[in-house]
Amino acid sequence: MIKRDITDIRLAASGRKRIEWADNNMPVLRIIRERFSKEKPLRNLRMACCLHVTTETANLAITLKAGGADVRLCASNPLSTQDDAAASLVKDFGISVFARRGENNATYYKHIAQVLEHKPQITMDDGADLVSTIHGKFRHLIESIIGGTEETTTGVIRLRSMESKGVLLYPIIAVNDSKTKHFFDNRYGTGQSTIDGILRCTNTLLAGSRFVVCGYGWCGRGLAMRASGMGARVIVIEVDPVKAIEAVMDGYDVMPIAEASKVGDIFVTVTGDINVIRKEHFPKMKDGVIIANSGHFNVEIDIAGLKKISKSDRLIRPEVQEFTLKNGKRIYLLGEGRLINLAAAEGHPAMVMDMSFANQSLAAEYLYTGKSKLGKGVYPIPEVIDKKIATLKLKSMGIRIDQLSKEQKEYLASWEMGT
Ligand code: ADE
């Protein structure tokens, strides 16, 4: 039976067309869907998915269903749900969805519980909230769980922490660690969609601005590259000395956040860690600065601290909160500090989500058809699957590449030949 808690089923018609639009740029997922429809590798599988409910995710859910899975979907962030996509999934595709854009924390967790009532055999997470909830109040579900998958860096970090403390009780495939995921989704996806979110809600000019990127992981690199490409003067904040050197040699200024606070115009956090921009930094900032977060959770900016030192705040445009500090300066916080690419834009383009969600589909198949020979722990997706996705993607782009000759393969496998 299809169950739901969504904003408005009447939005389905618009959602359906947008899902089709996304599908136009998801050729690898389409190939997998066509095979799944014939072979039904996920037959009778109960799945709980906690993902951003977007048109791209809709195509993933449709693919899993085509493979035979009985899917329930909830949101992995209260602000990222596209209500029309949710409505179409329910109405047009018969998939149970529990997600409303703007839901509060209590509803967010109620929806997770509704997805878990399904007694999933496989969990699919973006940020590890399903896994952490199961390991808390829903431990009775663990014995029937075959495994899970995790989409994002933050989730993988949480899961590795559970693994190292010996508390993770089932196997997880770290989809984020696939090359065809993080090289593209994290770098080019986050790079573009973060800028998209900032521009949609502020219409600010990037050219000539001092654009502060906090964190130089794959997401930070993509963001710095794209901001720079639009003429911003990029400053990178980083704690890892190796990454900091890379940022310098990539041509950016690198400095501590305390110094960047005095000169930046736009600040974006993408570290995955807590309290990166803190109470002591806000008063030093210039009047009118823009602050946003593109990391998974809304913990990177100390919003409670910002409220404490402000004399007033108001919503000046959708997703733009103006805080007036006691010293008179104004600070513009975007999207309540939640990931700005999904709060104010549509997330990563379908073209990159194609590879991420090809990984998710094939990881689910790998777990289910292997009937989990894997023990508890966090595992990468097998390299052959990663390579297969890359090959299909290149083919779909109409790009051909060379193959190693027999002689070249032998040379690479030999040690005798030198100069
Ligand atoms: N994460 C980032 N962008 C996304 C999108 N478009 N759909 C689902 N998850 C995402």
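The values are calculated or read from the model by the stated rules, or taken from the named source; none is laboratory data. Because the structure is predicted, anything quoted here is derived from the model rather than measured. For neighbour counting, all protein chains shown are included, and Cβ atoms are generated from backbone atoms with ideal geometry for every residue, glycine included.
Per the conditions (1) assigned to a helix (DSSP H, G or I); (2) within 16 Å of the ligand (Cβ to nearest atom), the sole criterion not satisfied by His348 is (1).
May I ask you to say which residue of Glu280, Glu300, Glu238 is of a type outside the set (A, V, I, L, M), out of contact with any strand residue (DSSP E or B) (no Cβ under 8 Å at 6 or more places or on another chain) and either under 23 Å from Ser161 (Cβ atoms) or surrounded by fewer than 21 Cβ atoms within 10 Å (Cβ to Cβ) (or both)?
Answer to the check: Glu280.
Meeting the requirement of 1 or more residues that are surrounded by fewer than 17 Cβ atoms within 10 Å (Cβ to Cβ), the helices (runs of 4 or more DSSP H) wholly within the range 1-92 are 12-23, 27-39. At pLDDT below 95 and either assigned to a loop (DSSP other than H, G, I, E, B) or not acidic (Asp, Glu) (or both): does that describe Ser361? It is false that Ser361 is at pLDDT below 95 and either assigned to a loop (DSSP other than H, G, I, E, B) or not acidic (Asp, Glu) (or both). Taking the range 200-313 as the region of interest, the strands (runs of 3 or more DSSP E) fully inside it that hold 1 or more residues being at pLDDT 95 or above and of a type in the set (Lys, Arg) are 210-214, 233-237.
Residue pairs whose Cβ atoms lie under 9 Å apart, separated by 6 or more positions or on different chains, with the first residue in the range 263-280 and closer than 14 Å to Val212 by Cβ and the second of a type in the set (S, T, N, Q) and surrounded by fewer than 23 Cβ atoms within 10 Å (Cβ to Cβ), are Gly264/Ser209; Asp265/Thr204; Asp265/Ser209; Ile266/Thr202; Ile266/Thr204; Ile266/Ser209; Phe267/Ser261; Ile277/Ser261. For the range 383-411, the candidate set comprises residues that are exposed (fewer than 11 other Cβ atoms within 10 Å of the Cβ) and more than 37 Å from the chain's Cα centre (by Cα); within that set, the residue that is nearest to Val352 (Cα to Cα) is Ser405. When you check Gly375 against the structure, is it over 28 Å from Gly189 (Cβ atoms), in a loop (DSSP other than H, G, I, E, B) and touching a residue at least 60 places away in the same chain (Cβ under 8 Å), yes or no? When the stated conditions are applied, Gly375 passes them.
Going by the structure shown, is Val242 more than 21 Å from the chain's Cα centre (by Cα) and of a type in the set (Val, Ile, Thr)? In short, yes. Does the range 315-325 contain at least one residue that is basic (Lys, Arg), free of Cβ contacts under 8 Å to residues at least 60 places away in the same chain and away from the ligand (no atom under 16 Å from the Cβ)? Checked the range 315-325: no residue is basic (Lys, Arg), free of Cβ contacts under 8 Å to residues at least 60 places away in the same chain and away from the ligand (no atom under 16 Å from the Cβ).
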